[in-house]
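> Once you've had a glance at the structure underneath, I'll fire off some questions.
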Amino acid sequence: MSTATIPVRVVEQVLCAHCTLPVPEGLLDEDAERQFCCSGCHTAFGILHAHGLDSYYGFTDRREAPVRASGRSYDEFDHPTFANLYVTALPTGLSRTELYLEGVHCASCVWLVERVPLVVPGVLRAVLDVRRSLAVIEWDLATVPLSRIAQALDALGYPPHPFRGVARADMRRKEDRAMLGRIGIAGAIAINVMLAALALYAGDLNGMDADLTRFFRWVSLAVTVPAFIWPGRVFFTGAWAALRTRALHMDLPIAIALAAGFVRGAINTVTDTGPIYFDGLVLLIFALLVGRFLQQRGQRMAVDAAEELHALAPRSARVIEQDIVREMPSEALLPGMLLDVRAGESFPADGIVTQGRSSVNAALLTGESRPASVEVGATVYAGTLNVEAPLRVRVEQAGETSRIATLMRQVEESATRRAPIVQTANRMAGVFTAVVLLAAAVTFVIKTQLAPANALDDAIALLIVTCPCALALATPLAITVAVGRAARRGMLIKGGDALERLATPGTLVLDKTGTITEGRTALLAWVGPSWVPPLVLALEEGSSHPLADGFRRAWPGLPIPPVTSVRHVAGGGLDGVVGGHTVRIGSPRFVAERASVIDEAVAQMMRRGDRTLTPVQVAVDGVVIAMGGLGDRVRPDAHASLDALRARGWHTVMLSGDAPEVVAAVGGALGFAPADTIGAASPEDKLAFVRRLQQNRATGRRGPVVMVGDGINDAAAIAAADVGIGVHGGAEACLATADLYLTRAGLGALVELIDGADRTLRVIRRNIALSIGYNLIGATLAVTGLVTPLIAAILMPTSSITVVLGSWFSTTFTRSSTVEPVS
């Protein structure tokens, strides 16, 4: 038996001259000196070689991926709208922008991108942050347009995209790092000073060698100095700013007390007499820095609230250019561009439908619970959902000029109108500060004449014992405890001012869809034989329409027969063959086209005609055999909760973007007066209504105006209201603008929230009374010389501890051992 040997052709692997990947055999050019795996790598190599950048290929760790140049024109980068959003004019006459680059990998990418000035004349500077793939480009607009720079980056394998928000993010990171550094250093110093203080206190009780006592006093001084130089400097900076602007605030007495305590402690250390106070001073710096950091983080929520509105629109869009569909960031969309929006996707911009027919779910923007049909010529808005079929849309407004962006600006304007409340609190703090400083000065002057040896100590004791910590803690601490307990009950509260306002009955404006109702389509009426639902489920199985969801939720677990064929008709319904039967589901008009016989039960339901429900008929083999009514179900606890709120003195109004007849029917069933049920309200109408209530407050109903809602159509009104409340299941952007968020479904949590707010306000008033009483007693004792600075330092935490214990053991919200889940 012989064995035949089959010859094997061994082909030496050829690597791409640019990316070092294997070159496909079909792209090998025997006459070429260098081989390339694709045209993109060939182009990139040519650019580098022509501009003397062959050093790129000396990197051992460089990009190992083919260059996939998109070939885009990037003309949108030269549009004035793009320049307004992403380009900064420098004082030198140059332009500056920040671009996110795809494909950034390693140091060779940095080297290559930063050589762009050699590739494109007119580019003066290019800096790449490889960690974030962020390139900073500076160029002369008179020499080269930005689109030409973008094309060069694209040809090198780094498709660019506009980038926003980096400056603010960097600034915040720097601020947080600096503040956390101060807190960490202050805490470390406080621990070491306290150790020395414990040794001194033990020596006072049990006796200590004088030299050792002197040593620990000097150690305390030496360790305290850095706490004043860096962590504590913020209070002195704030005090100096207050003096320069003639606007007193609490940094001033804190800085004076710190400075006076430090100077007196240093003098006592040098002279080896009296107390040194350093342990109390460094602990005070640490505690105040922690409080300021937490307050700063909370204040940022208001700034970020409006930005969350952009989360509704998709981050990318499909743009059609010369019958070629390309992906691009939604921020780069410009008026006139043609978009491809498929079923189940959100619109990335406002525009006009140029091709196709579908239905749009705009509940988050308009409040309308039922999808609306759209066809050629109809206007669609960014953030709304295309439900049924693909559409082509011509961009009319995008980015900052879209309807969502307009609502965002209204939210920001409403947030700034809350500033007078903050200014009032600052004026009150200024009065308190002025009184404390005046009392300390008068005490020092008088004691200088009566008892010069005690004058400085008495003045320092007054500043320390009347430190505004207790007064400053009276409100936020009670609110902090209340907020924590409310969170365990499924009520997330962003600001204590909202709790204070809710304690006074006023006008409660409630959205309907998603707030009073469940906010989703449900089957509320049905007539037909029991064998029809499986046929309906079979035909609706692959549909993303809200009505299909309503059927699926109504009949879970039913067996589904096989479907032979199915056809979707935009704006009409579905038809197909299920289990050998011809089935047609949809609007009465659509079904009537193929079914002339109507069952008597269906005819009776049609005559009753509930206009608040969406009618859906089912025809089987040419006979209309069943009919359903789908709508938005009222929450089970809505009636009892509304009655409870009215009993507590609240005036309730239903304000909805839904159809007026639907709003009137729901409102009548829930006890709303006809004048207090308002339908077909756009987001702008809701905002105007809230403002009108606030303007009429002086002559009409007193108390706060509270807006409760769940959609983007409520966001501006929620921000403008005295208190804005977002409810379970609401849009993220709406919840971001709200002062409070209820994670539990139903209105029962709203009743509990208002009751808890009333109890919290009583605790706040008690805390303020305790802190003022303490300050009056402490100041009296300090002025009369009955309290030394050391005793004042010991007494100073007493009022704070009283406030802490009083807030902790108070009953604001019901204690819960479990945490409600956040949806």
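> Sort Leu547, Leu463 from largest to smallest accessible area, using a 1.4 Å probe on the heavy atoms of the protein chains. Walk me through the numbers on the way to the answer.
Details: Leu547 35, Leu463 15 Å².
Result, largest first: Leu547, Leu463.
> Still on this model: Sort Phe215, Phe432 from largest to smallest accessible area, using a 1.4 Å probe on the heavy atoms of the protein chains.
Descending order: Phe215, Phe432.
> What spacing in nm lies between the two simple spin-label points modelled at Ala142 and Thr271, each 7 Å away from Cα in the Cβ direction?
7.1 nm
> Please work out how much length the chain gains when fully extended from Leu124 to Lys174, using 0.36 nm per residue of separation minus the C-alpha to C-alpha distance, in nm with one decimal.
Here the segment from Leu124 to Lys174 would lengthen by 15.2 nm.
> A further question on this structure: Just how much of Glu375 is accessible, in Å², when a 1.4 Å probe is used and the result is rounded to the nearest 10?
Number for this one is 100 Å².
> A further question on this structure: Using a Förster radius of 60 Å, what is the FRET efficiency between Asp75 and Leu805 based on their Cβ-Cβ separation? Nearest 0.05, please. Don't jump to the answer; show the numbers that get you there.
Details: r = 67 Å, r/R0 = 1.12.
After rounding to 0.05, the efficiency reads 0.35.
> Suppose each label sits 7 Å from its Cα in the direction of the beta carbon; what would the Trp555-Gln355 distance come out to in nanometres?
In this crude spin-label approximation the distance works out to 3.7 nm.
> How big is the gap, in Å, between the Cα center of segment 180-200 and the Cα center of segment 335-361?
Comparing the Cα centres of segment 180-200 and segment 335-361, I get a distance of 61 Å.
> Same structure again: What length, rounded to one decimal in nm, is gained on full extension from Trp531 through to Gln695, with 0.36 nm per residue of separation minus their alpha-carbon distance?
Numbers: separation 164, 0.36 × 164 = 59.04 nm, distance 5.85 nm.
Between Trp531 and Gln695, full extension yields 53.2 nm more.
> Once you put a point 7 Å from the Cα of Met208 and another 7 Å from the Cα of Asp637, both along the Cβ direction, what distance in nm separates them?
Reported label-point gap for Met208 and Asp637 is 5.9 nm.
> Here is a follow-up. What's the center-to-center distance, using Cα atoms, between segment 539-578 and segment 73-114 in Å?
49 Å
> For a quick protection proxy, order the peptides 556-569, 607-620 by their average other-Cβ count within 10 Å, most packed first.
Put in order of decreasing packing, that is 607-620, 556-569.
> Could you tell me the calculated FRET efficiency between Ala603 and Thr582, based on Cβ-Cβ distance and R0 = 25 angstrom, to the nearest 0.05?
Efficiency for this residue pair is about 0.75.
> Heavy-atom accessible area of Trp555 with all protein chains present, probe 1.4 Å, nearest 10 Å²?
The accessible area of Trp555 comes to roughly 40 Å².
> If you take every DSSP beta bridge fully contained in segment 560-674, what fraction is antiparallel? Give it as a percent rounded to 5.
Percent antiparallel among DSSP bridges in segment 560-674 is about 90.
> When all protein chains stay in place, what accessible area (Å², nearest 10, 1.4 Å probe) is found for Ile772?
Solvent-accessible area, nearest 10 Å²: 80 Å².
> Show me 439-445, 270-276 ranked by packing, highest mean number of other Cβ atoms within 10 Å first. Each step should come with its number before you reach the end.
Values: 439-445: 16.9, 270-276: 14.4.
The packing order, highest mean first, is 439-445, 270-276.
> Sort Ser330, Ser530 by heavy-atom solvent-accessible area, probe 1.4 angstrom, most to least.
I get Ser530, Ser330, largest accessible area first.
The values are calculated or read from the model by the stated rules, or taken from the named source; none is laboratory data. Note that the coordinates shown come from a computational prediction; the quantities given were computed from them, not determined experimentally. Note: ideal-geometry Cβ built from the backbone for every residue, glycine included; neighbour counts use all protein chains shown. What goes into the accessible areas is simple: the full protein's heavy atoms, side chains included, and nothing from ligands, DNA or RNA. Shrake-Rupley method; radii C 1.70, N 1.55, O 1.52, S 1.80 Å.
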